[in-house]
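In what follows, a structure is listed as structure tokens, so that the remarks can point back to it.
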Amino acid sequence: MSSISFNLGYRYLRSKKGGIFSFTTILAILGLSIGVASLIIVTSVMNGFQKELENRILGVIPHAIVYNDDYVENYEELIEKINANNDVYESSPYIEIQALISSSSDNKPVSLIGIEPDKEKELSILPQYMIIGDFENLNNKNSVIIGSSLAANLGAYVGDNIVITTPDIKSTIIGSYPLSVTLEVVGIYELRTEIDQYLVLTSHKTAQKLKKFSTDQTESIRIKTTDLFKADLIGSNIALELGNSFYISSWKDTHGTLFEAIKFEKLLISLMLFLIVAVASILVLSTIVMTVKSKEREVAILRTLGASSNQLILIFFTQGILLSFIGIFIGVMIGYLFTININNIINLLEDMLGRNLLEAYFINYFPYFIDHKQILFICLISLILSISASFLPSLRATKLNPVEILRHE
């Protein structure tokens, strides 16, 4: 009798006119598919944004910076002490100057960073994203590396000279004026993020000259920690070890709100999209209710033939399970296909609308990261909701009175 229950459950999915599925069945499958696909697409894109933030943004900015009220002296000795910490991967002197960069074409405000070129591969991902030149070129006197977006705006290329103007005042016998220096572009990087527009790198020696530091002085010490998300705690411990005159600043102070916003948005959007799955589950419930109502005569006949309550429940429960599996499977396929082709779809939309849809974001493309465990969780919750919705109307079939139903036939 169980095999008959499964066969009947499958047959009730089909249309009376011989179609593969009835209209109500198609609606239920469509609702589940849209809900599951939407969850997969949105969570994958949000995962991608989160990964890009971790890799491309946090892979460039310092995990933590140790500094004091004035400037750091004998920084090489301090770096040795910092590197002795097991939670530190690498550290180096770091100077940051807010400046104005000028070319014959344009002027742009930038952040000029003084680094040690030989250590940058261990501290940053920027050397991996050089499209022209090499970080070792920064060892040349009076040289800079700029981002591709900034280079395009300035009309600058490798070998060209640009002028850096800093807020520091230079005094001479004819008056005081901002300090300016001419530097040669020796490389161009491209992260495809907002960093390309303002981050300019020079050697630590050049930055020392601009800040009028001696050779054993620096502005701060940059630290790369072994655990990105404990950078503030690790940095605080290091500052305490170095002395009360030192302070700590971590990436959470500068970009922490962006990272938290992405996590919160992902949670909020996921909860909203789960409502679509809940609505789709109601469609499954409605489909089973309508099937039970339309098949009352068949149910009555089965009861007179000796079918048990469990067997009747299994008929309509089978219908609900099949609906759920088909809808979720189609949703997963749509979600995967849409996600891996999302940038092509966005490019098509941008061409149709004639505008950049991502101009307000920190990256100019749609990243995605498909988390299979997360997708499995989405499918499991969707399956539980839809199967639960199909179980309730299946119980109604056991409460039908075959005598009353057949009397009116």
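The values are calculated or read from the model by the stated rules, or taken from the named source; none is laboratory data. Keep in mind it's a predicted model, so treat the numbers as computed, not measured. With ideal geometry, Cβ positions are generated from the backbone for all residues, glycine too; neighbour counts draw on all protein chains shown. The protein model used for the area step is the full one, side chains on, heavy atoms only, and it has no ligands, DNA or RNA in it. Shrake-Rupley method; radii C 1.70, N 1.55, O 1.52, S 1.80 Å.
In summary, the stretch 63-131 shows an alpha-carbon radius of gyration equal to 1.38 times the 2.2 N^0.38 Å reference for compact globular proteins. Accessible surface of TYR75, taken over heavy atoms with a 1.4 Å probe and every protein chain present, rounds to 20 Å².
With a cut-off of 13 Å between beta carbons, the residues surrounding SER124 carry a summed charge of 0, where Lys and Arg count +1 and Asp and Glu -1. Taking only the alpha carbons of the stretch 192-262, we obtain Rg and Dmax values of 15.1, 42 Å in that order. Ligands, DNA and RNA aside, ASP253 has an accessible area near 110 Å² when probed at 1.4 Å. Tell me, what is the FRET efficiency for ILE384 and LYS51 to the nearest 0.05, using R0 = 25 angstrom and their Cβ-Cβ distance as r? That pair, ILE384 with LYS51, gives E of 0.30.
With the whole protein complex present, MET290 retains an accessible surface near 110 Å², based on a 1.4 Å probe.
The 1.4 Å probe gives accessible areas that order PHE391, PHE274, largest first, as PHE391, PHE274.
Over the stretch 13-172, the hull volume per residue, using the convex hull of the C-alpha atoms, is 241 Å³. Ordered from highest to lowest accessible area with the whole protein assembly present and a 1.4 Å probe, ILE370, ILE26 read as ILE26, ILE370.
Would you mind getting me the FRET efficiency between ASN86 and PHE264? Use the beta-carbon distance for r and R0 = 25 Å, nearest 0.05. Result of the calculation: an efficiency of 0.15.
Surface listing: ILE113, ILE269 arranged by accessible area from highest to lowest gives ILE269, ILE113, probe 1.4 Å. Label separation (GLU190 vs LYS212): 4.1 nm, computed from points 7 Å beyond Cα along the C-beta direction.
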